[in-house]
Amino acid sequence: MDRREFLQCAAILVTGASASQLGFTLNAQQQAYLAAAPNYNAGKARYFSASQRAIVAAMTEVIIPRTETPGAIDAGVPNYVELMVADWLNDTERAIFDAGLADIETRVPQEYGKSFDRLSPAQQLAVMEALEDAAAESAWYDFGNVQRQFISDAPFICQLKELTIWGFFTSEVGSKQVLRYNAMPMYFDGDIPLSPDDSSWASGPMG
Amino acid sequence: MIDTQVYDFDAIVVGSGISGGWAAKELTEKGLKVLVLDRGKELAHGSGYFGEHAPAWKLPYQGKTPRKLYDEEYPMAQRVFHSFSEANRPFWMNEKENPYVVDEKNPFMWIRSDIVGGRSILWGRQTYRWSAQDFKANAQDGHGIPWPVGYEEIAPWYSHVEKFIGVNGKAEGLPQLPDGEFQKPMPWFALEKTIGERLKKKTPDITLTNARTAILTEDLPGRSACHYCGPCPRGCSTGIVSSQASTLPAARHRAT
């Protein structure tokens with residue numbers, strides 16, 4: 001599965017069926033509640049070292065680069081990944097992530113003479129694709145299109161991709177500036193044409 | 001010294017959930033003085049639904065399930081209730097404090113809410129009439145005690161309830177799925193239309209019809225139609241039927 005296919009699958013995974021062009025209206029108390037709640041990915045993360053933080057940011061940006069639309073860094077994905085690794089992954093999963101990141105931190109300078117975040121885009125891509133090739137047999141790829149909690153023995157590159165994709169398409173920037181978000185359409189239309197240039201709809205607040 | 005005051009009630013309703021709310025409404029409307037008792041947190045209609053429209057980016061882990069917390073403190077709730085999430089978790093019983101006892105050989109999966117209004121806040125609004133067959137099924141199969149009433153006796157009460165709560169659906173005239181007092185049904189997705197048309201051609205004896213849900217597609221007095229935000233079980237501020245939105249205010253209105 002190449003990156004484009006993966007992104008297509010990921011988009012299906014996180015998008016829902018709500019749809020309309022109307023703005024949404026909230027009552028005053030709910031607006032106050034929503035305004036008061038900080039975005040999750042704005043939380044303070046203290047898990048990575050400064051150099052690890054730079055590497056993870058660069059890696060997420062390879063997965064979702066800024067184009068005419070925002071990329072992973074614009075959407076706060078690196079901080080999301082750090083928060084999730086620190087707080088959400090279980091011990092087994094965190095150990096895989098830590099080892100994978102440590103490997104990039106030590107191996108890339110030996111091979112290229114500088115850290116991952118300072119490599120050229122082509123070099124960064126080569127490093128990431130090598131990780132992907134090495135992980136190709138992982139069961140993680142069998143379930144790339146299925147909603148699930150997490151694959152606990154997924155290799156580092158798969159963990160990073162999953163957290164990046166989820167963190168991006170559930171972020172405010174990803175939902176509003178890349179996907180289209182409408183929390184309260186006010187009417188139901190089950191048959192709205194989607195042209196090839198239209199982005200999909202961000203999930204409404206389901207479940 | 002404790003001040004005491006003597007209260008006098010004609011009826012005491014225990015529990016303010018979907019049944020208790022209805023009992024309170026019906027009794028007060030018949031002129032009785034009613035006391036409703038419930039346990040759990042007070043929950044204000046509308047403003048109390050803290051997660052109703054919370055987008056993923058406001059939720060912990062941006063919507064990924066807090067696995068450790070749920071496994072330790074809400075194992076049954078996350079298993080039974082598919083819409084259990086950080087947007088409605090405080091409305092449910094914490095199972096570390098109040099564990100469920102389950103007979104593994106004969107499990108009865110059941111979860112309790114921890115709010116006034118009970119699970120009337122937390123349901124998915126699927127609302128179907130039992131058919132004449134359903135009232136007879138257990139007796140025909142030799143299970144349990146035969147129902148003392150049949151469909152014909154209950155049907156007017158179904159209508160009574162449906163008119164008040166508002167149920168949308170499409171009348172089909174099927175004996176196994178009796179029609180009710182329906183608001184207009186929601187339109188179908190393109191895929192559903194296609195499937196419906198093909199079924200009609202190839203297997204005309206199979207009817208594809210709308211889910212019948214207590215979701216307002218039309219305004220009712222004091223309650224506006226659905227604004228299609230999606231997650232019913234987070235609490236509904238537009239006033240789709242719940243004890244908070246409909247039956248308890250009706251009871252209170254009568255009582256004051």
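Computed from the coordinates by the stated procedures, all read-outs in this text should not be read as laboratory data. Model, not experiment: these values are computed from the prediction. FYI the Cβ positions are ideal-geometry reconstructions off the backbone, even for glycines, and counts take in every protein chain you see.
The simple spin-label model puts a point 7 Å past each Cα toward its Cβ; for residue B:102 and residue B:47 those points are separated by 3.8 nm.
In region B:90-221, if the dipole is taken from +1 on Lys/Arg beta carbons and -1 on Asp/Glu beta carbons about the Cα centre, which of B:115, B:90, B:217 is farthest to the positive end? The one lying farthest along the dipole's positive direction is B:217.
The DSSP beta bridges internal to chain B are antiparallel in roughly 40% of cases. A cut-off of 5 Å between modelled amide H atoms, ignoring neighbours fewer than 5 places along the same chain, links residue B:167 with B:183.
Among B:115, B:12, B:165, the largest mean-square fluctuation in a Gaussian network model of chain B (Cα springs under 10 Å) belongs to B:12. Reported to the nearest whole Å, the Cα centre-to-centre distance from region A:40-107 to region B:13-40 is 53. Close amide-amide hydrogen proximity is noted between residue B:92 and B:114, each under 5 Å apart and 5 or more residues distant or on a separate chain (H modeled in the peptide plane; Pro and chain starts excluded).
Sparse packing (at most 12 other Cβ atoms within 10 Å of the Cβ) combined with a DSSP loop state is found for the following trypsin sites (Lys or Arg not before Pro) in region A:31-104: A:44, A:46, A:66. Within chain B, the longest run free of exposed loop sites, counting trypsin sites (Lys or Arg not before Pro) that sit outside DSSP helix and strand states (H, G, I, E, B) and have at most 11 other Cβ atoms within 10 Å, spans B:106-256. For chain B, modelled as a GNM whose springs connect Cα atoms under 10 angstrom apart, the maximal fluctuation among B:107, B:233, B:156 occurs at B:107. For region B:67-74, 3J(HN,Hα) computed residue by residue from phi via the Karplus equation (6.51, -1.76, 1.60; θ = phi - 60°) reads 4, 5, 4, 5, 5, 7, 10, 9 Hz, glycine and proline entered as x. Pairs exceeding 28 Å between alpha-carbon atoms, taken from B:41/B:136; A:44/A:161; A:44/A:176: B:41/B:136. Of B:177, B:43, B:199, the residue with the greatest mean-square motion in the GNM of chain B, using alpha carbon springs below 10 Å, is B:199.
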